[in-house]
1. Hey, if we sort ASP110, ASP220 by accessible area with the 1.4 Å probe, largest down, what's the order?
2. Please list, ordered by chain and number, the residues whose modelled amide H lies under 5 Å from the amide H of ALA79; skip anything fewer than 5 residues away on the same chain.
3. By how many degrees, between 0 and 90 and to the nearest 10, does the Cα long axis of helix 138-152 differ from the longest principal axis of the chain?
4. Please list, in order along the range 61-71, the HN-Hα scalar couplings obtained from phi with the Karplus expression 6.51 cos²θ - 1.76 cosθ + 1.60 (θ = phi - 60°), rounded to whole Hz, x for Gly and Pro.
5. Where does each of GLU57, GLU72, GLU106 land when they are ordered by accessible area, with a 1.4 Å probe and the largest first?
6. Which of GLY75, ALA143, ASN221 sits closest to the plus end of the dipole of the chain, meaning its Cα is farthest towards the positive end, when Lys and Arg get +1 and Asp and Glu get -1 on the C-beta?
7. Determine the calculated [θ] at 222 nm for the chain from helices alone, applying -39500 (n - 2.57) to every DSSP H run no shorter than 4 residues and normalising by the residue count; nearest 500 deg cm²/dmol.
8. In terms of solvent-accessible area of protein heavy atoms at a 1.4 angstrom probe, what is the ranking of ARG145, ARG129, ARG102, highest value first?
Amino acid sequence: MSTTALKARKEFGKTLASDIAHRLRNEIVTCRLKPNESLKFDALRLAFGASFTTLREALTSLAAEGLVVTEEQRGYKVAPVTLEDLADLTHARILIEVDLLRRSIEKGDDDWEIRVISSLHRLAKIEERAPEDYANNAEWKLAHRQFHEALVSASGSPTLLAMRNALFDRAERYRNLSAMFRPRPRDKAGEHRALMQVAISRNADQACDLICSHIQTTSDNVAKYAAGAIGAT
């Protein structure tokens, strides 16, 4: 591979393996790579121009995140989506998100409040530009992630934040399924606005109640509307 090509491959990560993991992660969470789809090394080598060792490093990191699973003697496949996994993931996310949000509200300073307010403003501007289909907009998805990251950014716990980020990525697949199958749009803008207001008002109990409901609603929508598209166990 040329130096120029290698540099391009490293756009999203410090190494080629981390870049490949980033690209595959995006394909998985957006459901372009389907649950249970086999990840063939020959096809991946053609797609990424990478060695077996580099690909295995990338896939191992995704397996640690719960987005990829190993197939005995057959390599790797995209992790399945199941109602059991959804329930477990939702429970874990609520536990961690509530703890981080409460810490952030207690410790957050003026800069934290500005981050929360400005990230919501950015999200709202994107929604204004694409009111019909903003949930499928890559720019909106990034801004949505940044808003939720801003809410917990003053928590002071790098370990819990790393765990939260991994769970957020796993949940992205279920959020996409929820958006695909629910019969009517969800008022996420209103939910986000309410979260911002109670957070900067330092009402920790109400903010934690709202984030619980926010996460649980997505889980309930998937279970209700997309159960036919995922496994039961």
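The values are calculated or read from the model by the stated rules, or taken from the named source; none is laboratory data. Computed from a prediction, not measured in an experiment: that's the story for all the values here. As a convention, Cβ positions derive from the backbone with ideal geometry for all residues, glycine included, and neighbour counts pool all protein chains shown. Please note that ligands, DNA and RNA were not included when accessible areas were found on the heavy atoms of the full protein model with its side chains. Shrake-Rupley method; radii C 1.70, N 1.55, O 1.52, S 1.80 Å.
1. ASP110, ASP220
2. HN-HN under 5 Å from ALA79: ASN36, VAL68, VAL69.
3. Tilt relative to the chain: about 60 degrees.
4. After applying 6.51 cos²θ - 1.76 cosθ + 1.60, I find 5, 6, 5, 5, 7, x, 9, 9, 10, 8, 9 Hz.
5. Values: GLU57 105, GLU72 160, GLU106 130 Å².
Accessible-area ranking of GLU57, GLU72, GLU106, largest first: GLU72, GLU106, GLU57.
6. GLY75
7. After summing the helix terms and dividing by the residues of the chain, the value is -23000 deg cm²/dmol.
8. So the residues, ranked largest to smallest area, are ARG129, ARG102, ARG145.
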